[in-house]
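The values are calculated or read from the model by the stated rules, or taken from the named source; none is laboratory data. Note that the coordinates shown come from a computational prediction; the quantities given were computed from them, not determined experimentally. Neighbour counts run over all protein chains shown; Cβ positions are idealised from the backbone, glycine included. Note: accessible area is taken over every heavy atom of the protein model, side chains too, but ligands, DNA and RNA are not part of it. Shrake-Rupley method; radii C 1.70, N 1.55, O 1.52, S 1.80 Å.
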Amino acid sequence: MKTIYIEKNDDLQAKINEAISSKAKLIIKKGLYETAPLFIKGPLELEFEEGAILKATTDESLYQDIKTRVAGIEMDWYPALLNVIDTKNVMIKGPGILNGSGPYWWAKYWGDDMKGGYRKIYDAKGLRFAADYDCKRPRNLLVQNSSNVTIKDICSTESGFWNIHILYSNDIVIENVKIKSEALNSPSTDGIDIDSSYNVLVNKVETNCNDDSICIKSGRDYDGIRVNRSCHDITISNSIINKGFGVTIGSEISGGVYNINISNLKYYNTDCGFRIKSSYTRKGYIRDINISNLEMLNVKYLFHMCLNWNPNYSICKLPSGYDGKIYPHYELLTHETEGENTKVSNILIQNVKAYNDEAYQGISRLFNLEGFKDQAISSITFKNVKADVKEFGYLYYTKDINFENCSFSASEAHFNENDEYDNR
């Protein structure tokens, strides 16, 4: 196979197109490449040399909107730094770095002091739900409408928005990847989001981020129901989950989620172990989830399942007397949904060990489980779970929660202030 090299001062997109058209392997040489969004739209083996860095430009005039899905809504939005769209048979590998130039985008959202930016403006207008959509920020890597894609050995850092987004795709492998986007002022820097996709393997990854560590999604509210594409047959294994909000299903689950296997994970100072979140407006279902062999050190919430998560963000209504512009995505977000509330059932969690080190001073709670009054979280089995925590927590609107060979120790009383989590 012919090999083409990318070096300093090369036109990166032209080199990608040349490699695709000539069926050549493409190697990015060591160096820093500040670039506009790049697109892979054909079969390609792309390899990073060690020390090769793609860095997202902060010149927003170079971001031309594409049709994509953002946080569960189909809309026109910025492309990622690196985009694999409408293709198959792509390999991205090597110890390179995708750098999203995060501080620029984070300041756009929060302001330099985390008290300004889009959030200050939108919160003042009663438009909390819209800030995340209107404040356009690039992901680091997007795989959309594609199949047979492998991503291995790279590092994703300082993403403006989500780090790696797998959307409407199948037969995807993400292996030996590192996520480093853990800055406190970095909004929505999810590690890996698997969105209305199937046959996805996430193996031997390590995450550090400031939102969900690895997340499974299938669309939000009316638009997710309209698209009606489930996320299923996902395997997450042999990975390390550091700072972040944990392995999560939701909150965008309107298309349904099923057949999920999570195993052999180690958590260190993570906010949550396994997490489910939804809303009254989501509908959808989550079922047939198998979780095994987890070890958690200094985890705040071991099992956090909240089906009425963050209402100020999740339930979208235009404020009374609003006379501003109504964008198409506002209409999607505020469109009423019908049907049963999210049904969560048939979850097996087994072989879990959780504990704190002696110096740990943070929150330590076993359960925050809360279904809907008319749709309880049901049929969850905890088997061979040993947890030494500070608080037991609570189970509200649940049924058929089974415990087999479990050992729990709670050393302190219930702290009401720990009932609320992640309502930003």
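Quote the FRET efficiency, to the nearest 0.05, computed for Glu34 versus Ile240 with a Förster distance R0 of 25 Å and r equal to the Cβ-Cβ distance.
Working: r = 30 Å, r/R0 = 1.21.
Here the calculated transfer efficiency is 0.25.
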Restricting to lysine pairs 8 or more places apart or on different chains, what number in segment 191-350 have Cα atoms under 22 Å apart?
18
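For segment 165-245, what class follows from the C-alpha gyration tensor (a ≥ b ≥ c being the square roots of its eigenvalues): rounded when a/c is under 1.5, otherwise prolate if a/b is larger than b/c, else oblate?
On the way: a/c = 2.85, a/b = 1.33, b/c = 2.15.
Cα axes put segment 165-245 in the oblate bin.
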Dipole check, the chain, charges on Cβ (K,R +1; D,E -1), about Cα centroid: among Leu318, Ser186, Leu32 the Cα furthest to the positive pole belongs to Leu32
Full extension between Arg226 and Tyr355 adds, at 0.36 nm per residue less the Cα distance, a length in nm of 42.1 nm
Using the C-alpha gyration tensor of segment 246-317, what are the square roots of 5 times its eigenvalues, in whole angstrom, with the largest one first?
24, 16, 7
Rough spin-label spacing in nm, given labels placed 7 Å along Cα→Cβ, for Asp11 and Val173
3.4
How far apart, in nanometres, would the label points at Phe392 and Glu340 be if each is projected 7 angstrom from Cα along the Cα-to-Cβ direction?
3.0
Would you work out which of Met305, Asn83, Thr157 lies farthest towards the positive end of the dipole of the chain? Charges go on Cβ: Lys and Arg +1, Asp and Glu -1.
Asn83
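Sum up the charges of everything whose Cβ sits under 12 Å from the Cβ of Ile73, counting Lys and Arg as +1 and Asp and Glu as -1, but leave Ile73 out.
Values: positive: Lys67, Arg69, Lys217, Arg220, Arg226; negative: Glu74, Asp76, Asp132, Asp134, Asp195, Asp221, Asp223, Glu252, Glu331.
In short, -4.
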Any idea of Leu201's accessible area? Nearest 10 Å², probe 1.4 Å.
60
Taking all protein chains together and a probe of 1.4 Å, list Val90, Val227 from the most accessible to the least accessible.
Val227, Val90
For the modelled label position 7 Å from the Cα of Lys25 along Cα-to-Cβ, which residues of segment 66-95 have backbone nitrogen atoms closer than 13 Å?
91-94
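Give the Rg/Rh ratio for segment 310-393, taking Rg as the radius of gyration of the Cα atoms and Rh as the Kirkwood radius, to two decimals.
On the way: Rg = 20.0 Å, Rh = 17.3 Å.
Radius of gyration over Kirkwood radius for segment 310-393 works out to 1.16.
Working with all protein chains in place, sort Leu32, Leu46 by solvent-accessible area computed with a 1.4 Å probe, largest first. Walk me through the numbers before you get to the answer.
Values: Leu32 85, Leu46 5 Å².
Ranked list, largest accessible area first: Leu32, Leu46.
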Of the candidates Phe403, Ile166, Asn423, the farthest towards the positive dipole end of the chain (Lys/Arg Cβ +1, Asp/Glu Cβ -1, centred on the Cα centre) is Ile166
Near Asn368, within a Cβ-to-Cβ distance under 13 Å, what is the net charge of the other residues, with Lys and Arg +1 and Asp and Glu -1?
-3
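Calculate the dipole size of the chain relative to its Cα centre from +1 charges on Lys and Arg beta carbons and -1 charges on Asp and Glu beta carbons; express the result in debye to the nearest 20. Working shown, then result.
Working: 49 positive and 56 negative charges, 98 e Å.
Computed charge dipole of the chain: roughly 460 debye.
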log10 I(q)/I(0), Debye, Cα-only segment 31-99, no solvent, q = 0.23 Å⁻¹?
-1.11
Assuming 0.36 nm per residue, please report the length gained on full extension of the stretch Thr3 to Tyr280 beyond their Cα-Cα distance.
94.4 nm
State the extension gain, in nm to one decimal, for the chain segment bounded by Ser411 and Glu18, taking 0.36 nm per residue of separation less the distance between their alpha-carbons.
135.2 nm
Report Rg (one decimal) and Dmax (nearest whole number) for segment 367-424, counting Cα atoms only, units Å.
12.8, 37
If Lys and Arg each add +1 and Asp and Glu each add -1, what is the summed charge of the other residues whose beta carbon sits under 15 Å from the beta carbon of Ile289?
+3
Where the convex hull is taken over the Cα atoms of segment 276-357, what is its projected area averaged over directions, in nm²?
8.0
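Rounded to a whole number of µm²/s, how large is the Stokes-Einstein D of segment 1-127 at 4 °C and 1.567 mPa s, given Rh as the Kirkwood radius over C-alpha pairs? Display every interim value, and only then the final one.
Values: Rh = 16.4 Å.
D, rounded to a whole number, is 79 µm²/s.
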What's the Kirkwood radius of segment 1-48 in Å, using all Cα pairs?
10.8
For segment 62-144, please report how many Lys pairs fall under 29 Å Cα to Cα, leaving out neighbours fewer than 8 apart on the same chain.
15
For labels at Asp288 and Tyr322 in the simple 7 Å Cα→Cβ model, what's the distance in nm?
3.8
Rounded to whole Å and ordered largest first, report the semi-axes of the equivalent ellipsoid of segment 97-174 derived from its Cα gyration tensor (root of 5λ).
30, 16, 6
Debye log10 I(q)/I(0) at q = 0.16, 0.29 Å⁻¹ for segment 53-92, Cα point scatterers:
-0.53, -1.08
Span per principal axis, largest first, for the Cα atoms of the chain (Å):
62, 52, 40
In whole Å, largest first, the alpha carbons of segment 187-305 cover along the principal axes 40, 27, 21
